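What follows is one structure encoded as structure tokens, with my remarks underneath.
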Amino acid sequence: MYNLIMASDVKLLKKEGNEDMIVKAAQFTILVKDQQEAKQFYTERLGFVVCSDMEFGPGSRYVTVAPREENETLFELVKADTPAQIALIANRALIKSWSCLKQTILKETTKK
């Protein structure tokens with residue numbers, strides 16, 4: 001149902017063995033079939049908060065959620081419109097990594 005496709009303002013930290021580790025990202029864009037369904041999933045199942053939910057006209061909606069209200073990292077829920085975008089949603093492998101990503105984000109935000 002959901003597929004991470006882009007991260008903006010990403011900061012990397014070099015680890016041993018020349019591997020990069022993401023230590024901060026400002027916004028992730030996630031393609032979704034249905035923005036309302038995705039919003040409910042992130043808020044009701046994962047405990048996120050809605051940061052913005054604005055309509056800009058018929059079929060145009062901007063929705064962002066975050067693990068906490070004061071969190072710097074946002075997840076933008078974008079409706080998949082093209083066949084290529086819809087095909088990306090079919091790849092669900094990334095959602096299995098969600099718990100690890102959530103733990104990393106929460107650790108970084110609690111260090112402040």
Checking residue 96 against (1) at pLDDT 75 or above; (2) open to solvent by 60 Å² or more (accessible area, probe 1.4 Å), the condition it does not meet: (1)
Per-region count, region 31-79, residues charged (D, E, K, R), exposed (fewer than 13 other Cβ atoms within 10 Å of the Cβ) and in a strand (DSSP E or B): 1
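The values are calculated or read from the model by the stated rules, or taken from the named source; none is laboratory data. Just so you know, these numbers come straight off a predicted model, no measurement behind them. Every residue, glycine as well, gets a Cβ built from its backbone with ideal geometry; the counts of neighbours run over all protein chains shown. Only protein heavy atoms, including side chains, enter the accessible area calculation; ligands, DNA and RNA are left aside. Shrake-Rupley method; radii C 1.70, N 1.55, O 1.52, S 1.80 Å.
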